[in-house]
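Participant: So that we are looking at the same thing, I have put the structure below in structure tokens.
Rule-based calculations on the coordinates, nothing more; no lab input. In this text the structure is predicted, and so the values were computed from the model without any measurement. Cβ atoms come from the backbone with ideal geometry, glycine included; neighbour counts cover every protein chain shown.
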Amino acid sequence: MPGLPQLIEEDVQTLDAALDELLRRSEASAALVIDKGGPLISQRGAVEKLDATTVSALAAGAFSATQMMAEHLGETSLAHIYQQGEHSSLLISNVDENLLLIVVFPAELSVGAVKYYAGDAVRRIAAQLDKAARREPGTNLDLVSMNMLDVSGVFRKAE
Amino acid sequence: MAIINQANKELQVKIVYYGPGKGGKTTNLEQVHSHVGNVQEKGKLVSLATSSDRTLFFDFLPIEAMAIKGFKTKFQLYTVPGQVIYNMTRQLVLRGVDGIIFVADSQYEKMAENVESFQNLEDNLKTLKLDLAAIPYVLQYNKRDLPNVAPVEYLEFLLNNREVQVPSFTSVASQCEGVFESLNMITRMLLNKFINEGARKPA
């Protein structure tokens, strides 16, 4: 599993621009790009009311579980999963091997429209990630020069 | 695989607690959540559990701590469900794993389950095209306060009898003994590995 490439300013800007455009066109309230392992990569929109870290972990789990169910039914791919709420709904779309796009939107919006605009965002994000993956890894970040603190006690018990 | 976001100066790592059912994985996370004192930010502990409090999918605890100056280091701690029937779920949770804490149950009658779970970990990693030898992990021998525990040497013989031995810790997770020691060790191992691997990449 190759995993997510290192992201630089240009990548994050493109991701954010794709999400902003998606939010503007679809009138959704928030959009997140997450890694399929659970970590949150980028978030835009009204995220202050959202525990985005937890939503990301849960969405990654839900998508993986649904994908596995689909495989058991003989399906070879899974493009979206949709959770219909009373006030807020959620669409999770597959971006590429590593990423998912989560769109949170008011329940009165049509999921079809959100899915349509999400498709454009997915393509833009996937193209940028493809570009990032082709970049020579390690050339933009000197890990050796990272100033690692004393890691023997990163986590300490409160007295 | 750790996620590096240079734009936000952010590093995200995923640590998974693995081991047999009722071995103390969730208790480890609960203790970290209750007692951790020096972190930048501690998220909510999310448990996807059955009505009888057994882990159904995973427990999840996000913590942001200072490990590298100038870089936000976000730790995502997960547990897997230990019960044998939830193997698919364990595979899903292992996706993107950076470090593993294997929580073994020290009671004599649990030895077969410990060995089976360890074998299952290796098998599941292989399914994900990962090799345990390439992933930092530590062993935690839990429930040392119970009367029927096997000697540490025996647990070492069963679980740590390899060419390269990994660090192991005794613990009583319910009393928070050995919990932080294991977590700090795996953190140290995976950050060291991460930086060493960076050093080997061409400039």
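Participant: Need one value for A:48-54: mean number of C-beta atoms belonging to other chains within 10 Å of its residues' C-beta atoms.
Facilitator: Partner-chain Cβ atoms within 10 Å, mean over residues of A:48-54: 3.
Participant: In the P(r) worked out for the range A:10-137, what percent of Cα pairs fall beyond 27 Å?
Facilitator: It works out to 13 percent of all Cα pairs.
Participant: Checking the a/c ratio against 1.5 first, then a/b against b/c, what shape does the Cα gyration tensor give for the range B:43-92?
Facilitator: Prolate shape, in that a/c is at least 1.5 and a/b is the bigger ratio.
Participant: Would you pull out the residues with amide H under 5 Å of A:ILE41's amide H, same chain only if 5 or more places away, H placed 1.01 Å from N?
Facilitator: Here A:VAL33, A:ILE34, A:ASP35 satisfy the definition.
Participant: Now, a different point. If you count, for every residue in B:55-62, the Cβ atoms of partner chains within 10 Å of its Cβ, what is the mean?
Facilitator: 3
Participant: Among the GluC sites (Glu not before Pro) within the range A:9-91, which fall in a DSSP loop and have no more than 14 other Cβ atoms within 10 Å of their own Cβ?
Facilitator: Answer by residue number: A:GLU27, A:GLU48, A:GLU75, A:GLU86.
Participant: Can you tell me the dipole magnitude for chain A around its Cα centre, using point charges on the Cβ only (Lys, Arg +1; Asp, Glu -1), in Debye to the nearest 20?
Facilitator: 120 debye
Participant: Please name whichever of B:THR26, B:ILE4, B:PRO151 sits farthest to the positive end of the charge dipole of the range B:3-200, dipole taken about the Cα centre and charges placed at Cβ: Lys and Arg +1, Asp and Glu -1.
Facilitator: With unit charges placed on the Cβ atoms, the residue in question is B:ILE4.
Participant: Still on this model: Expressed as a whole percent, how much of the Cα-Cα distance distribution for the protein assembly as shown exceeds 35 Å?
Facilitator: So the pairs more than 35 Å apart make up 24 percent of the total in the protein assembly as shown.
Participant: I would also like to ask the following. Taking the Cβ of A:GLY3 as the center, what net charge do the other residues with Cβ under 13 Å away carry, scoring Lys and Arg +1 and Asp and Glu -1?
Facilitator: Taking every other residue near A:GLY3 into account, the sum is -1.
Participant: Let me ask another. Roughly what % antiparallel, to the nearest 5, for the DSSP beta bridges in chain B?
Facilitator: Approximately 45 percent, going by the DSSP bridge assignments.
Participant: Any of B:LYS69/B:LYS129; A:LYS36/B:LYS14; B:LYS72/B:LYS126 with alpha carbons more than 21 Å apart? Name them for me.
Facilitator: Over 21 Å Cα-Cα: B:LYS69/B:LYS129; B:LYS72/B:LYS126.
Participant: Let me ask something else about it. Tell me which trypsin sites (Lys or Arg not before Pro) from the range A:28-75 have a DSSP coil assignment and no more than 13 other beta carbons within 10 Å of their own.
Facilitator: A:LYS49
Participant: Anything in chain B that counts as a DSSP H helix reaching 30 Å or more along its axis (C-alpha) with Kyte-Doolittle mean of at least -1.0? List them, would you?
Facilitator: Flagged H segments are B:179-200.
Participant: Running a GNM on chain B with Cα contacts under 10 Å, which residue among B:SER174, B:SER182, B:SER106 ends up with the highest mean-square fluctuation?
Facilitator: B:SER174
Participant: Taking the Cα centre of the range A:54-130 as the origin, how large is its charge dipole in debye, to the nearest 20, when only Lys and Arg (+1) and Asp and Glu (-1) carry charge on their Cβ atoms?
Facilitator: It works out to roughly 120 debye.
Participant: Counting only C-alpha contacts under 8 Å and six or more residues apart, can you give the relative contact order of the range A:1-145 as a whole percent?
Facilitator: Dividing the mean separation by the residue count of the range A:1-145 yields 28 percent.
Participant: For chain B, modelled as a Gaussian network with Cα springs under 10 Å, which listed residue fluctuates most, B:GLY43, B:GLY178, B:GLY99?
Facilitator: Highest fluctuation of the listed residues: B:GLY43.
Participant: Using DSSP to define loop residues, name the trypsin sites (Lys or Arg not before Pro) in the range B:71-151 whose beta-carbon has at most 13 other beta-carbon atoms within 10 Å.
Facilitator: Sparse-neighbourhood loop trypsin sites (Lys or Arg not before Pro): B:LYS129.
Participant: How much of the DSSP beta bridge set in the protein assembly as shown is antiparallel, as a percent to the nearest 5?
Facilitator: 65 percent
Participant: Mind putting a number on the dipole of the protein assembly as shown about its Cα centre? Charges go on the C-beta only, +1 for Lys and Arg and -1 for Asp and Glu, and I need it in Debye to the nearest 20.
Facilitator: Using only the charged Cβ atoms, the result is roughly 300 debye.
Participant: Relative to the longest principal axis of the C-alpha atoms of chain A, give the angle of the C-alpha long axis of helix A:9-26, reported between 0 and 90° and rounded to the nearest 10°.
Facilitator: Relative to chain A, helix A:9-26 is tipped by roughly 20 degrees.
Participant: Hey, another quick one. Taking the Cβ of each residue in A:MET69, B:MET111 as the centre, tally the other Cβ atoms inside 10 Å and list the residues starting with the fewest.
Facilitator: Listing A:MET69, B:MET111 from fewest to most nearby Cβ atoms yields A:MET69, B:MET111.
Participant: How many percent of Cα pairs in the range B:1-151 exceed 23 Å?
Facilitator: 38 percent
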